[in-house]
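Where a number appears in this text, it was derived from the coordinates with a stated rule and is not lab data. Quantities reported herein were computed from a predicted structural model and do not represent experimental measurements. Heads up, the Cβs are rebuilt from the backbone with ideal geometry, glycines too, and the neighbour counts pull from every protein chain shown.
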2 protein chains.
Amino acid sequence: MIAYDDFAKTKANYVPLSPISFLNRTADIFPDRLAVVYNDRQYSWGEVRTRCRRLASAIKNKGLGRNDTVSVLLHNTPEMFECHYGVPMAGCVLNTINTRLDADTIAYIIDHGESRLFLVDRELYSTARSALEKSKLKPEVIVIDDKSADTQPDVNWEDVIEYEAFLNDADPKFPGEHPEDEWQAIALNYTSGTTGRPKGVVYHHRGSYLMSMGTVASWAISMHPRYLYTVPMFHCNGWGHAWTMTLMAGTIICLRAFSPEAFFRLAGEHNITHFGGAPIILNMLAGADDSIKPTFTHSVKAMTAGAPPPASVLKAMAEAGFDVMHVYGLTETYGHVLQAAAQDDWAGKTIEEQADLQARQGVRFTNTEDVSVLDEQGQSVPHDGETIGEIMIRGNVVMKGYLKDKAETQNAFENGWFRSGDLGVIYPDGYIQLKDRAKDIIISGGENISSVEVENTLYKHPAIDVAAVVAMPDEKWGEVPCAFVELTAGESATEAEIIAFCKSNMAGFKRPKKVVFGELPKTATGKIQKKQLRETAKSLS
Amino acid sequence: MIAYDDFAKTKANYVPLSPISFLNRTADIFPDRLAVVYNDRQYSWGEVRTRCRRLASAIKNKGLGRNDTVSVLLHNTPEMFECHYGVPMAGCVLNTINTRLDADTIAYIIDHGESRLFLVDRELYSTARSALEKSKLKPEVIVIDDKSADTQPDVNWEDVIEYEAFLNDADPKFPGEHPEDEWQAIALNYTSGTTGRPKGVVYHHRGSYLMSMGTVASWAISMHPRYLYTVPMFHCNGWGHAWTMTLMAGTIICLRAFSPEAFFRLAGEHNITHFGGAPIILNMLAGADDSIKPTFTHSVKAMTAGAPPPASVLKAMAEAGFDVMHVYGLTETYGHVLQAAAQDDWAGKTIEEQADLQARQGVRFTNTEDVSVLDEQGQSVPHDGETIGEIMIRGNVVMKGYLKDKAETQNAFENGWFRSGDLGVIYPDGYIQLKDRAKDIIISGGENISSVEVENTLYKHPAIDVAAVVAMPDEKWGEVPCAFVELTAGESATEAEIIAFCKSNMAGFKRPKKVVFGELPKTATGKIQKKQLRETAKSLS
């Protein structure tokens, strides 16, 4: 055997993969370039790195180190961005908490994640305080005193440390730690399961590095993107874009709270090139008054995920000059792992046909090794666009596992695949379409009804702006579809009309048996809260 | 300690990095898209994968496997491209041999690399045959019977296997092996040292994967590039572009032998977006007659490396609508690791100033962790653009080491850096400029003279087309610069005029003491053979 294996790894030829390298490279090469913008604050890449170094140093000064958890309850501000580097540069694990969670759940996360430090936006201070009254652990609190917040609750400054003071006491020259092992944890993201307590999804440095690299390749991001951060960074670390945009030496425009007005103002002011958002966000943008929309000198690229975007939204966005890429992923996969990558011949199709093709979840990103849809026997379903199976994912951007939950971790990694829990089909062209979250399938008279399919039909109705369908218990059929809809301003439709519309636009048995009008409950990320709708539907049956 | 390390790697969440993944993804998603073009042959990505699978299967059928060496002596044809996947998909190591080498050196490589199989372009069959007469090992020979070659030497077909027959006997469904360890060897590239026999540089799958990812990010390659393969694939695996262009689902246009006519014909026919070439290649293109130049609908991106491009060439290329990126690397670093990445304020400078800035080797690629210029005490030189030190590189695209040469490997990886052997300076903006290969510095009267600096001055002379400067032994000064120049067609200049020009355009002591006119000897990759010039200079002194 020839001596190809006869080489030891050395510091010269082996470096653990970590997004920390992105910050160091970009700050070295483009130190004066605009990095992070927030209201009237602007930081260059050199300044951002110094702030991240100070943060890392301050965390180390608190006695924290490798594998210690730092929790944060923050909006999309520069401090939230800084945590994406400063925390791992101290060797610690960044735990971003959904800002819409209740104190009870936050307390659970603090305890389960064994938080050692807790960074909180002043606006969320009361919630954090309530959580810490309920939690067993009492991590020290650092408060970001953001004067631009709508509400400024009183803070007992003797109990907490103010963020800027925390940085000021630290060493701006601290180089930051680089993990010795690229499999080392970098982030802890809690995801709500179907039942019970949220699960702690653990990311590693290798995965976050490769997620960024794969996003650049598959989203074809060019140098110096101007990225408007509409996706909350607490959600899969903002789809990893905090790291990706650093890699490409971009400019990150922070957005504390989304509104179409704020979006378009910042988008125009900074002539943005990229942003991301759930379909509901795109829907709000598409529906906004033209008077608030800036004129772009280029096509703005948007990544959308979290639900299949209705064809109507894709169409409206395309017409408004946005280049939307629909992607699919889960917290467990660091965010996006599938994309509706365009084929050459799509350009010749009608905008409706294109929208239908783009509404599919698609094919794997370059960061993803393989994806398949498997039946219950673990066999790939036929590529017929009809046979439903479970979407399975394999690759380096699949989580390490669920923190302190061996059973769930083992269950998730059955047979060499990560089980997404989502149901889908594969088309003859190899593109995957999500049919339902496993829990969203409606079983009516023994027939499976895809709630997504019913929703897509509802979206075709001219009066319907937002739609969601869930199962409603039914004595005869077991379950029947129940629709919740928001009507477009100025439009009207009756329940009977909508049911008739569905009946004539899809298999009759799939039509909703009930239609409820009114605003739908949504999460911080714009996802419709189906759990709540299911409870409402139950009470209506 | 919280249980972040308490997770085993599984097949679901850990996949060894390998460029083989690029081929599988691209062939899955874009099976019908044009992948490889050569004369009147065209292969889709589906077809290319099938051919690579056949090749891997055929190699396995010969009893080869992990860490067995497959040598190839091939031009830039589809078969050469296929070897970049078929060989590693059999678990083997691809050893691309420079087609300009003599039989004696090839025999050395065959023996030192322990070749088990030898793929040869028919045109090079006689050389291969002579090499195998000299070598101890006698690997089986596969001949690519390319009818488009200028010469078709007789082949004893009973002794060898014809490539297409080799593929036809193999399994088109063989999935190919994926390395179990990403540190496993993928390629063996011999590089000629200053003295003695060439050294065998070993690449691993991880490095080749990250090289491609980093190239996409730092060269900002968008989807579906149309790449004209002017760089020989035997040189650092064609700068890794065989793998990179697969990652981006590009179209690779093969070019058997470079000429400006062939280049522009193919470039126009395929409306290319990218290519690479040594400055000498760019020089030939810039100087070609306008009548053979196609009109491009876009700016064509060119990567140039191998020598600092003269400002005159960069200027001519920019004026012709080419977007040239100057990069720097070595065989030991998988190719390019530094790039003259543009800063925002360069756009406002004159084309001459831009050319000067772009002629520097620049800053690190995203595939490179760190680069520095160190003095003899291992300290970084001041960023003054003047103090010379050795260029040092660290990262995942640094070779495993030199095959069967522990002493040279250890020497190369001193103190946690790969020692490039090249001398350079760092400017205040952090950009590195190569001053000389260590062996190219001229020491005259105790003063160091950079041969590159003298060459750059020579290139400013309107009559000079190509220039090279080496040391000439001198009784009084020890060494003095000796210039070799090719004049531009139709121009003239005397030795005295050129020496006077240098004297008035740089420090007088650096001027050449002798100027030799005539065509310069060049390697297959267009590099000027300074070794030969040094011998000539010696004989002239």
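So what are the ³J(HN,Hα) numbers for the stretch A:504-509, from phi and the Karplus equation (6.51, -1.76, 1.60; θ = phi - 60°), rounded to whole Hz, Gly and Pro as x?
Values per residue, Gly and Pro as x: 8, 10, 7, 3, x, 5 Hz.
Rounded to the nearest whole Å³, what is the per residue volume of the convex hull around the Cα atoms of the stretch A:1-104?
Details: hull volume 17.7 nm³, N = 104.
That works out to 170 Å³ per residue.
Could you give me D for the stretch A:445-540, from Stokes-Einstein at 4 °C and 1.567 mPa s, where the hydrodynamic radius is the Kirkwood radius over C-alpha pairs? Units µm² s⁻¹, please.
Details: Rh = 13.4 Å.
Rounded, D is 96 µm²/s.
Which residues' amide hydrogens lie under 5 Å from the amide hydrogen of residue B:303, considering only partners 5 or more residues apart or on another chain, with H built in the peptide plane?
Here the answer is B:275, B:276, B:277, B:325, since their amide H atoms fall under 5 Å of that of residue B:303.
In terms of modelled amide H atoms, which long-range or inter-chain residues lie less than 5 Å from the amide H of residue B:514?
When sequence neighbours closer than 5 places are left aside, the close amide H contacts are B:483.
Cα to Cα, under 20 Å, and not fewer than 8 places away if on the same chain: which lysines meet these conditions relative to residue B:173?
Candidates past the 8-residue exclusion: B:60, B:62.
Find which of A:299, A:276, A:248 sits farthest along the positive direction of the dipole of chain A, computed with +1 on the beta-carbon of Lys and Arg, -1 on that of Asp and Glu, about the Cα centre.
The listed residue farthest towards the positive side: A:248.
Could you give the size of the charge dipole of chain B about its Cα centre, using +1 on the Cβ of each K and R and -1 on the Cβ of each D and E, expressed in debye and rounded to the nearest 20? Working shown, then result.
Working: 54 positive and 70 negative charges, 128 e Å.
For chain B, the charge dipole is close to 620 debye.
Which of A:138/A:527; A:435/A:503; A:406/A:522; A:301/B:301; B:404/B:538 have a Cα-Cα distance over 25 Å?
Working: A:138/A:527 31 Å; A:435/A:503 19 Å; A:406/A:522 31 Å; A:301/B:301 23 Å; B:404/B:538 34 Å.
Check vs 25 Å cut-off fails for A:138/A:527; A:406/A:522; B:404/B:538.
How many nm separate the modelled label positions at residue A:181 and residue B:151, each set 7 Å beyond the Cα in the direction of the Cβ?
Between residue A:181 and residue B:151, the simple spin-label model gives 5.8 nm.
Rounded to the nearest 0.05, what FRET efficiency is calculated for residue A:133 and residue A:538 with R0 set to 22 Å and r the Cβ-Cβ distance?
On the way: r = 33 Å, r/R0 = 1.48.
Rounded to the nearest 0.05, the efficiency is 0.10.
Which number comes out as Rg/Rh for the protein assembly as shown once both Rg and the Kirkwood Rh are worked out on C-alpha atoms?
Working: Rg = 31.0 Å, Rh = 31.3 Å.
Reported Rg/Rh (Cα atoms, Kirkwood Rh): 0.99.
If you average 1/r over all unlike Cα pairs in the stretch B:383-491 and invert the result, what Kirkwood radius do you get in angstrom?
Details: mean 1/r = 0.0617 Å⁻¹.
Computed over Cα pairs of the stretch B:383-491, the Kirkwood hydrodynamic radius comes out at 16.2 Å.
Quick one: what are the phi-derived ³J(HN,Hα) couplings along the stretch A:137-151, Karplus 6.51/-1.76/1.60 with θ = phi - 60°, whole Hz, x for glycine and proline?
Rounded to whole hertz, the list is 7, 10, x, 5, 10, 10, 9, 8, 8, 7, 6, 8, 5, 5, 10.
How would the stretch A:122-210 be classified by its alpha-carbon gyration tensor: rounded, prolate or oblate, with rounded meaning a/c under 1.5 and the a/b versus b/c comparison settling the rest?
oblate
Quantify how strongly other chains surround peptide A:395-402 by giving the mean number of their Cβ atoms within 10 Å of each of its Cβ atoms. Before the final figure, lay out each step's value.
Values: counts 5, 6, 2, 6, 3, 9, 8, 1.
Mean inter-chain Cβ contacts per residue within 10 Å come to 5.
List the GluC sites (Glu not before Pro) in the stretch A:443-541 that DSSP assigns to loop (not H, G, I, E or B) and whose Cβ has at most 10 other Cβ atoms within 10 Å. Which are they?
On the way: sites: A:447, A:453, A:455, A:475, A:479, A:486, A:491, A:495, A:497, A:519, A:535; in loops: A:475, A:491, A:519.
Loop-located and lightly packed - A:475, A:519.
Could you point to the residue in A:478, A:520, A:499 farthest towards the positive end of the stretch A:445-540's charge dipole, with +1 and -1 charges on the Cβ of Lys/Arg and Asp/Glu respectively?
Positive-end residue among those listed: A:478.
Enter the mean number of other protein chain beta carbons within 10 Å of the beta carbon of each residue in A:412-418, as an integer. Working shown, then result.
Details: counts 3, 6, 2, 3, 4, 4, 4.
Averaged over the peptide's residues, the number is 4.
Please list, or write none, the lysines whose alpha carbon is within less than 22 Å of the alpha carbon of residue B:400, excluding same-chain residues fewer than 8 places away.
The qualifying lysines are A:9, A:11, B:199.
What ³J(HN,Hα) values, in whole Hz, does the Karplus curve 6.51 cos²θ - 1.76 cosθ + 1.60 give for the stretch B:33-44 when θ = phi - 60°, with x put for Gly and Pro?
Values per residue, Gly and Pro as x: 6, 5, 10, 10, 10, 8, 6, 9, 9, 9, 10, 7 Hz.
Name the aspartates and glutamates eligible as straight-distance cross-link partners of residue B:293: C-alpha to C-alpha under 19 Å, and not fewer than 8 places from it in the same chain.
Qualifying aspartates and glutamates at Cα under 19 Å: B:261, B:269, B:319, B:323.
Can you pull the three principal axis extents for the Cα set of the stretch B:49-179, in Å, largest first?
36, 32, 26
Give the span of chain B's Cα atoms along each principal axis, as three whole-Å numbers ordered largest to smallest.
Computed over the Cα atoms, the extents are 71, 68, 52 Å.
Using the number of other C-beta atoms within 10 angstrom as an exposure proxy, rank A:6, B:440, A:159 with the fewest first. If you can, show how the numbers build up before the last one.
Values: A:6 14, B:440 20, A:159 11.
Lowest to highest Cβ neighbour count: A:159, A:6, B:440.
Which distance in Å, rounded to a whole number, links the C-alpha centroids of the stretch B:317-344 and the stretch A:371-416?
Comparing the Cα centres of the stretch B:317-344 and the stretch A:371-416, I get a distance of 42 Å.
For residue A:13, enumerate residues with amide H under 5 Å from its amide H, sequence gap 5+ or separate chain, H modeled in the peptide plane.
Close amide H contacts, sequence-distant or interchain: B:395.
Against the longest alpha carbon principal axis of chain A, how many degrees, from 0 to 90 and to the nearest 10, is the axis of helix A:260-269 turned?
That helix lies at roughly 50 degrees to the long axis.
Relative to the longest principal axis of chain B, what angle (0 to 90°, nearest 10) does the C-alpha long axis of helix B:125-134 take?
Compared with the principal axis, the helix lies near 90 degrees.
Using only alpha carbons, build the gyration tensor for the stretch B:194-339 and give me the equivalent ellipsoid semi-axes, biggest first, whole Å.
Details: eigenvalues 123, 66, 39 Å².
Whole-Å semi-axes of the equivalent ellipsoid: 25, 18, 14.
Which of the peptides A:381-388, A:31-38 is most tightly packed, and how do the rest follow, judged by the mean count of other Cβ atoms within 10 Å per residue?
Values: A:381-388: 14.2, A:31-38: 20.5.
In descending order of packing, they fall as A:31-38, A:381-388.
In bins 10 Å wide, starting from 0, what share of all Cα pairs of the stretch B:258-438 does each bin hold, as a percent?
In whole percents, the pair-distance histogram is 9, 34, 31, 18, 7, 0.
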